[in-house]
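These notes concern the structure reproduced below.
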Amino acid sequence: RTTMKSLRFISAEAFVSNTEFAKKSLGAVAHDLFPLLFKASYLLEQGEVIHDLVENWPLFDFNMGKLLGATLDYQEDLSHRTCSLCLESCLTGLRDYVLNQSSPYMKKLRVVDLTGIKDVEVQFCKCKKTMGRWARTQLLSKLCSELLVYLQQAQCNPGTFEISINVLIDLFVTERNYELVVEALLKKCSCPLKICCVAFRSDNLTLQKFFDIIKLTDPSLLRKLEIVHNVHLEMEHLEMLFNSMHFPLLMSLTLPARTFNVRRFTATDERMFANIGEKMGEMTQLTELSMSFSILTGRIQKLLSPLKTPLKTLDVSNCSLNHADMAFLANSFHANHLESLDLSGHDIPELYPSTFFKLLSHCSSVLRSLTLEDCNIQDTHVNMLILGLSPCQKLQEFKFIGNPLSSQALKRLFTFLCELPMLKNVEFPVPRDCYPTGITYPIDDASLCRYDHQKYERIAEELNLILLQANREDVKASTPLFGSYDAAVQETNNELGAYLIRSFKETLEKFTVSFNKMS
């Protein structure tokens, strides 16, 4: 699909195509043309021109999401192109904006917003080299530290120290870039480029380091907090976090696996749990909550009832919910506002079929994403599922990997899914008839790939043909056996793997020591 370009945009492309000419001519360009030239340079991956445009930026703000988003001159949204060449040129251009010795009175830039950049699986940039969220965190922190060192050593224009630019960014911190980010945050007051953390994700960090860095980010400005892999945050640590810091603007909270385990609760734990619920209730902006792989049986009401704002996103996958939990969700004020819901890992047809469909009917007018992986949905449940999904006319994404469905049931389901007008993404299971007879669900990792691959390919083609014949080429159907694409995990998987191997080794050593003592 070709996106139309205005004559202005075509002219801008011609201008930036000649690198030397463009760089020499920038001084004569009208200020209001800089955004147009920036988008044209980004599309053509003209790194040097991008650098010089940012170094001489004449406007008050520089918002990546708006600059690369759909514009009248060129409708295509480029904000999902995390091209390494372009982004590095932007950030080094920003550093050189500060160092450029032209009169500081001409420097109007006050806010740089990098939060509009979207990390996606498929990249369309020619260089094919991406700069993900972790690498952007790393580079900006490095440039801030280097800038400060340079300013302290060099004879700079006194006005340079008066420059103050807030750089809004989604930080992603792991053990590997921790020291660099901490250094940049500690020196924020002295640096002309001031890192303002809007969203924060941490993986592979000790609790001490997590607490130390979260204080430096200024929690009062945080809108999104993700504590994900290998940060051993348990309930008492979460209470400590909420008691010691305030998150008035927090809209989205992701907690690591096993934060809660109600099966081990003492009376003290119950009070702690209630306090966490009350603290979350004080976060009046909170609309997204993810707490997968915690054990929350019978406690959902206690945790969510203090919330004063309805949730739009809820992930309670593999949380061992019981009928009372599902009944609370179905009858709560959250139900009518849920745009994204993940109930994976619960035997829905066996435990609470009617309550689940009640919840689905309440959120059907707004629901955009539904995930029901490993929910024991079988062929006999398909008609009921179709009935439940029929009102969900805004559904864009439906994921149901790991359910024991036959190829015939999948064809029936796909024929129905063609009727959902907004649907864009479907993740479906390997049909049951592709696995050996007698396979048990949920399928363990060792058996996951032991299916008839040729038969699967044939069935997948038939399912795609159903979409094609219904003129639904816009729907992407796939079977990601080991989970959906996660840009953050993809970017740091080497570090994550090394951490897991180290943890396994340490556990093994402790076991050996204990075993030797017993012997």
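The values are calculated or read from the model by the stated rules, or taken from the named source; none is laboratory data. A quick note: this is a predicted structure, and the numbers were derived from the prediction, not measured. In this analysis, Cβ positions are derived from the backbone assuming ideal geometry, glycine residues included, and neighbour counts consider all displayed protein chains. What goes into the accessible areas is simple: the full protein's heavy atoms, side chains included, and nothing from ligands, DNA or RNA. Shrake-Rupley method; radii C 1.70, N 1.55, O 1.52, S 1.80 Å.
Could you grab me the full set of residues in segment 97-134 that are assigned to a helix (DSSP H, G or I) and open to solvent by 30 Å² or more (accessible area, probe 1.4 Å)?
Residues satisfying the conditions are 99, 104, 105, 106, 133.
Among residues belonging to segment 209-244 that are part of a helix (DSSP H, G or I), in the same structural domain as residue 256 (by the TED database) and of a type in the set (Asp, Glu), point out the one that is nearest to residue 283 (Cα to Cα).
Among those residues, the one meeting the criterion is 239.
Being of a type outside the set (D, E, K, R), open to solvent by 20 Å² or more (accessible area, probe 1.4 Å) and touching a residue at least 40 places away in the same chain (Cβ under 8 Å), is that true of even one residue in segment 78-89?
Within segment 78-89 (the criterion being of a type outside the set (D, E, K, R), open to solvent by 20 Å² or more (accessible area, probe 1.4 Å) and touching a residue at least 40 places away in the same chain (Cβ under 8 Å)), the answer is yes, since at least one residue qualifies.
Considering (1) touching a helix residue (DSSP H, G or I) at 6+ places or on another chain (Cβ under 7 Å); (2) assigned to a helix (DSSP H, G or I), say which one residue 271 fails and leave the rest.
(1)
Which numbered condition trips up residue 205, out of (1) touching a strand residue (DSSP E or B) at 6+ places or on another chain (Cβ under 9 Å); (2) not in a loop (DSSP other than H, G, I, E, B)?
Going through (1) touching a strand residue (DSSP E or B) at 6+ places or on another chain (Cβ under 9 Å); (2) not in a loop (DSSP other than H, G, I, E, B) one by one, residue 205 breaks only (2).
For segment 447-459, indicate whether the set of residues that are of a type in the set (Phe, Trp, Tyr), open to solvent by less than 20 Å² (accessible area, probe 1.4 Å), within 24 Å of residue 121 (Cα to Cα) and assigned by the TED database to the domain that holds residue 345 is non-empty.
no
Starting from segment 475-491, keep only residues that are surrounded by fewer than 13 Cβ atoms within 10 Å (Cβ to Cβ), then list their pairs with residues that are in a helix (DSSP H, G or I) and among the basic types (Lys, Arg) whose Cβ atoms are within a distance under 9 Å, requiring at least 6 positions of separation or different chains.
none
Of the conditions (1) open to solvent by 20 Å² or more (accessible area, probe 1.4 Å); (2) of a type in the set (S, T, N, Q); (3) not in a helix (DSSP H, G or I), residue 259 clears all except one; give me its number.
Every listed condition holds for residue 259 apart from (1).
Would a scan of segment 354-368 turn up a residue that is among the β-branched types (Val, Ile, Thr), surrounded by fewer than 20 Cβ atoms within 10 Å (Cβ to Cβ) and in the same structural domain as residue 256 (by the TED database)? If you could, list the steps in order and put the result at the bottom.
From segment 354-368, those among the β-branched types (Val, Ile, Thr) are 355, 366; that's our starting set.
Filter once more, so that each one left must be surrounded by fewer than 20 Cβ atoms within 10 Å (Cβ to Cβ): 355, 366.
Next, from what is left, pick out any that are in the same structural domain as residue 256 (by the TED database): 355, 366.
Looking through segment 354-368, at least one residue is among the β-branched types (Val, Ile, Thr), surrounded by fewer than 20 Cβ atoms within 10 Å (Cβ to Cβ) and in the same structural domain as residue 256 (by the TED database).
Determine if segment 278-288 includes at least one residue that is assigned to a loop (DSSP other than H, G, I, E, B) and at pLDDT below 95.
Within segment 278-288, none of the residues are assigned to a loop (DSSP other than H, G, I, E, B) and at pLDDT below 95.
Can you pull out the residues in segment 1-44 that are small (Gly, Ala, Ser), under 19 Å from residue 74 (Cα atoms) and part of a helix (DSSP H, G or I)?
11, 12, 14, 17, 40, 41, listed by residue number.
If I go through segment 45-61 residue by residue, how many of them are assigned to a helix (DSSP H, G or I) and crowded, with 19+ Cβ neighbours inside 10 Å? Break it down into steps so the answer makes sense when it comes.
Here is the first cut: in segment 45-61, the residues assigned to a helix (DSSP H, G or I) are 47-55.
Applying the additional criterion that residues be crowded, with 19+ Cβ neighbours inside 10 Å yields 47, 49-55.
Residues flagged as assigned to a helix (DSSP H, G or I) and crowded, with 19+ Cβ neighbours inside 10 Å within segment 45-61 amount to 8.
Can you give me the number of residues within segment 77-96 that are assigned to a helix (DSSP H, G or I) and farther than 30 Å from residue 159 by Cα?
Qualifying residue count, segment 77-96: 2.
Report yes if some residue within segment 434-448 is part of a helix (DSSP H, G or I), more than 19 Å from residue 482 (Cβ to Cβ) and in contact (Cβ under 8 Å) with a residue 12 or more places away in the chain; otherwise report no.
no
Return a yes/no flag: does segment 245-252 have any residue that is in a loop (DSSP other than H, G, I, E, B), open to solvent by less than 20 Å² (accessible area, probe 1.4 Å), closer than 21 Å to residue 316 by Cα and modelled with pLDDT of 95 or more.
Yes - at least one qualifying residue is present in segment 245-252.
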